[in-house]
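K.L.:
Structure in C-alpha cells, see below.
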Amino acid sequence: MAHEAQRPLIIACAALTADLRAVLSADGLDPFIDVQYLPANLHNAPHKIVSELRPLVEQAVALDRAVFVAYADCGTGGLLDMFLAEYPGISRLPGAHCYEFFAGSTMFTELHEAELGTFYLTDFLAKHFDALVWSGLGLDRAPQLLETYFAHYTRLVLLAQTNDSHTRAAAEQAAQRLGLAFEHRHVGRSGLAPLTEWSVTIRKAAA
C-alpha cells in the first residue's frame, strides 16, 4: 500500500457524503482512499468552489497524491474545468451538476426538455431542504420571495439515490411548500461510476 502521505484523495461536496461512503464501502475501497469534504452550502455560492478546492488540490499534488474531484461543474460556469486544466491528471464527475450525473445525461435532458420549470432535489437536498434551500434562499426571513424565486417553476422532481420513504416524504413536503407538483424518479448511485473506476485503478496501481 502507498505511504500514508501518498494515499489517493477524493475531494467531494458534502452533499455526496452518504453516497460516497456507500459506494466506496460496497467496492471495498474504504481502506485505500481518503475523502475530504467541502461544505454543502457551496451549492448556494458556486463562485467559491474553485477557491475552496485550490489549496487542497495544491497540497495533494505537492505530496504526489492521486486526486479525484467529486464535483460536476456545479454552477462554476466552466471555472472548475479551467482550474483542473492546470492538473491534467485530475478528473471530475461528468455533467453540469449532481442532478445530471445522478440521473444520467439522457434522462436529465428528457426531464429538462419536457418541462423547463423543474426544480430538482437529490436525497441529501430533500433531507436538508430547510437549511440548504428554504433558509439558504432566505425564505425563512422573507417568505414573500417565494413567488419571485419560483414564479416560473411548475414541478419538483426528486432524483432519488435510495428508496427511503422518509426521504420521499420530505421531498413531497418540500414540493407542497413551494407550491409545485411532485414527481419521483429513482436513479440510484450509478452516476458515481467514474469515481469508483478511478478508485479501483488507483488501488491496483498501489498494490
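K.L.:
Got a number for residues in segment 46-71 being over 14 Å from the mean Cα position of the chain (by Cα) and not in a helix (DSSP H, G or I)?
P.N.:
Step one: list which residues in segment 46-71 are over 14 Å from the mean Cα position of the chain (by Cα), which gives 47-48, 50-67.
Pick out the ones that are also not in a helix (DSSP H, G or I) and you get 63-67.
So the count comes out to 5.
K.L.:
Out of all the residues in segment 1-56, which are touching a residue at least 24 places away in the same chain (Cβ under 8 Å) and acidic (Asp, Glu)?
P.N.:
19, 27, 34
K.L.:
Same structure, new question: Give the residues of segment 116-134 that are modelled with pLDDT under 95 and polar (S, T, N, Q), sorted by residue number.
P.N.:
Correct list: empty.
K.L.:
Criterion first (at pLDDT below 95 and in contact with a Gly (Cβ under 9 Å, 6 or more places away or on another chain)) does residue 203 satisfy it?
P.N.:
Numbers: at pLDDT below 95: yes; in contact with a Gly (Cβ under 9 Å, 6 or more places away or on another chain): yes.
Yes.
K.L.:
Looking only at segment 155-170, filter to residues that are without any contact (Cβ under 8 Å) to a residue 40 or more places away in the chain and farther than 18 Å from residue 181 by Cβ; which one of those is surrounded by the fewest Cβ atoms within 10 Å (Cβ to Cβ)?
P.N.:
Among residues in segment 155-170 that are without any contact (Cβ under 8 Å) to a residue 40 or more places away in the chain and farther than 18 Å from residue 181 by Cβ, the one surrounded by the fewest Cβ atoms within 10 Å (Cβ to Cβ) is 165.
K.L.:
Follow-up question, since we're still on this one. Do we have any residue at all in segment 178-187 that's closer than 30 Å to residue 34 by Cβ, surrounded by 15 or more Cβ atoms within 10 Å (Cβ to Cβ) and modelled with pLDDT of 95 or more?
P.N.:
Scanning segment 178-187, I find at least one residue that is closer than 30 Å to residue 34 by Cβ, surrounded by 15 or more Cβ atoms within 10 Å (Cβ to Cβ) and modelled with pLDDT of 95 or more, so the answer is yes.
K.L.:
Which of the residues belonging to segment 179-204 are over 23 Å from residue 99 (Cβ atoms) and free of Cβ contacts under 8 Å to residues at least 12 places away in the same chain?
P.N.:
The answer is 201, 204.
K.L.:
Whether any residue in segment 72-88 is surrounded by 12 or more Cβ atoms within 10 Å (Cβ to Cβ) and either assigned to a strand (DSSP E or B) or not assigned by TED's automatic domain parsing to the domain that holds residue 60 (or both) is what I want to check.
P.N.:
no
The values are calculated or read from the model by the stated rules, or taken from the named source; none is laboratory data. Remember, predicted model here, so these are calculated numbers, not experimental data. Here the Cβ is made from the backbone with ideal geometry for all residues, glycine too, and neighbour counts use every protein chain on show.
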